[in-house]
Amino acid sequence: MPVGIFRVCLVVITAIINHPLLFPKENGTVPENAEEIIQKMKEREESLRLEQLRLEQEIADQEAAQKALEKAAEVVEESKEEKVRWDMWTALSMVIFLLIELWRQDFQEGVWQDTGGEEDDMAVLGKAFKGVAFPDKAVLASFYEKRILGTTGDMARMREMVEGFADDLLEALRSVCNRDADMEVEDCMGVGSMYENWRVRKPFVCDLIVPFAPPEPYCFRSQTWCSGNSSPPNEQGYGTIKVCRAVEDVTGCICDKTKLGEDMLCLLHSPANTTRPNSEMEDLLCFKNTQYLDANQVMKWFQIAVTKAWNRISHKYEFDLSFSLLDSPGALKIKFRSGKSVAFNLTPVVQYENSDVYFISHFPRSSLPADLPSSTHWFLTFAVYERRFIQLVSKMLPANACHVSCLQILSFLHGKQCSLTGSSGLTNYHLKTVMLHLLQACPSQDWAPEKLEARLQDMLKFLEKCLHEKKLYHFFIGNGKVPAELGFPIIFQRAEPLNLFRPFVLRRDVYRKTVDTFHEMLRNMSALINEYTVHIP
């Protein structure tokens, strides 16, 4: 018990001694200025709040940057998916376009039906035929009989006279040429409208082509745009002619692949059979420093040879002979003492292999595009096959068929319109090409003479469609339906179709002028036919 009381007393005494109010410590004084403490606490609180705001802003910026990166990644992913989808649509569109193009070409090669009176064709062809009054059958028949039919006899007499003189002139040309060094000239052939009996406009001009070949032992090796590598568009329809020795193209010789030794000699390629020097190659009418035949050199040679030949036989004739065009090798004019004149073209050509396709140096009267890439490029003419095709088809048509009559009327109208408003890019060769396409497409009974009006409308509609599309394909090139009886070279049938209206794509001014002239011809057609039906020259 006493011990417990003692412990309680000891605790009380210890508490009293340690009480701060009774015995304060040295550094334990209570601050006298409480406001200063509160102010410091507020400043500390404000600094902590600002630090918190700064940290929150940094966290927000980091979150925004992270969202921007995620959004950019999503955009990139979407763009990749969209690009893949776009590439798929592009590829699909190209496939559809190619299918449409193949279908269009197949349709053009297919059978053309009679579209003389269908309203949907009029809508497709545009407004050119709306409001155009076509002459009736009676007016067309009267116009053809009185204005065109009478020229047939004049053409026949002129052909006979020109062919006889041309044969005599070429015979004299052969006599003045050196058979060992000059080109060998063959007999001439008549081509074009005068020999296809559809030329109507005067003056009549006969077109004659003269094949020639190099002297032995040389020969021509030709290459067309469709026989080798792909050619640029401006060289399509052209070819080159290489002058070489006949033995140079002999295959199977190994003398140029192995060394024969000093004591061995190749009998095909001996030193005596080496190619002539450049100066002598120029004597063979080649372009300078090449083996390719130069059209300008051929023109100069032919003009000189014709002049020499005329000087030898001029005493037999009572007329004068001169060149009407200096930029054409054989544009000749016969002038009689009475003042009358007769013009004809004698053009040198080179035969393509063993066919009746010919390389022609110059086109008389620009009946076809003559913008040659160079003087070593020669255009190919299919005039002989065109004449044969017309003759072959004519045998299967009804008597007095109207195909030639349609072409004659269309050629007459176009020529009269050009004389009023000036020349255009449309030529008689284009008109003949339209007729050839329709001859192959339409059934033979559709060319009966009483259907002249309908077929003339078909030709005009077909031509208007081609002008609208700027596409008129060459009849023979790329045409797989050429009759086998013609013996046409298969290489040209398998070639890509040749667009004769390609210059219209490159020259808008010429195209606009051509379209305007065509539309003006349609509007003036009835007036011209009525005028020349009533007033007969």
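Screening Ser175 on (1) of a type outside the set (Phe, Trp, Tyr); (2) more than 27 Å from Phe212 (Cβ to Cβ); (3) more than 39 Å from the chain's Cα centre (by Cα) shows it passes everything except condition (2). Among residues of segment 283-310 that are closer than 19 Å to Lys242 by Cα and of a type outside the set (A, V, I, L, M), those with a Cβ under 8 angstrom from a residue that is in a helix (DSSP H, G or I) and open to solvent by 30 Å² or more (accessible area, probe 1.4 Å), sequence gap 6+ or separate chain, pair up as Cys286/Gln297; Phe287/Gln297; Lys288/Asn278; Lys288/Glu282; Asn289/Asn278; Gln297/Glu282. Residue check: Arg387 meets all listed conditions (1) under 27 Å from Glu145 (Cβ atoms); (2) open to solvent by less than 20 Å² (accessible area, probe 1.4 Å); (3) touching a residue at least 60 places away in the same chain (Cβ under 8 Å); (4) assigned to a helix (DSSP H, G or I) but one, namely (2). Close Cβ contacts (under 9 Å, 6 or more residues apart or on different chains) running from residues in segment 344-368 that are within 10 Å of Ser328 (Cβ to Cβ) and assigned to a loop (DSSP other than H, G, I, E, B) to residues that are among the charged types (D, E, K, R) and at pLDDT below 95 comprise His362/Asp327.
The set of residues in segment 401-440 that are part of a helix (DSSP H, G or I), aliphatic (A, V, I, L, M) and open to solvent by less than 20 Å² (accessible area, probe 1.4 Å) comprises Leu407, Ile409, Leu410, Leu413, Leu431, Val434, Met435, Leu436, Leu438, Leu439. The condition (being out of contact with any helix residue (DSSP H, G or I) (no Cβ under 7 Å at 6 or more places or on another chain), among the small types (Gly, Ala, Ser) and either at pLDDT 50 or above or open to solvent by less than 80 Å² (accessible area, probe 1.4 Å) (or both)) is satisfied by just one residue among Ser279, Ser227: Ser279.
Screening Met521, Met459 for residues that are in contact with a His (Cβ under 7 Å, 6 or more places away or on another chain) and open to solvent by less than 50 Å² (accessible area, probe 1.4 Å) leaves exactly one candidate, Met521.
Quick check, is Asn479 polar (S, T, N, Q), touching a residue at least 60 places away in the same chain (Cβ under 8 Å) and farther than 18 Å from Gly415 by Cα?
Details: polar (S, T, N, Q): yes; touching a residue at least 60 places away in the same chain (Cβ under 8 Å): yes; farther than 18 Å from Gly415 by Cα: yes.
When the stated conditions are applied, Asn479 passes them.
Among the candidates Leu431, Leu380, the residue that is within 24 Å of the chain's Cα centre (by Cα) and modelled with pLDDT of 95 or more is uniquely Leu431. Looking across segment 462-489, just one residue is over 30 Å from Tyr352 (Cβ atoms) and open to solvent by less than 10 Å² (accessible area, probe 1.4 Å), and that is Leu467.
Of all residues in segment 496-506, those satisfying the criterion of being more than 9 Å from the chain's Cα centre (by Cα) and closer than 11 Å to Lys470 by Cα are Phe504, Leu506. Please verify whether Lys333 is surrounded by fewer than 18 Cβ atoms within 10 Å (Cβ to Cβ), over 37 Å from the mean Cα position of the chain (by Cα) and either at pLDDT 85 or above or closer than 19 Å to Glu186 by Cα (or both), treating the condition exactly as stated. No.
The values are calculated or read from the model by the stated rules, or taken from the named source; none is laboratory data. All of these numbers come straight from a predicted model, not from anything done at the bench. Cβ coordinates were reconstructed from backbone atoms using ideal geometry, including for glycine residues, and neighbour counts include every protein chain displayed. With ligands, DNA and RNA removed, areas are computed over all heavy atoms of the protein, side chains included. Shrake-Rupley method; radii C 1.70, N 1.55, O 1.52, S 1.80 Å.
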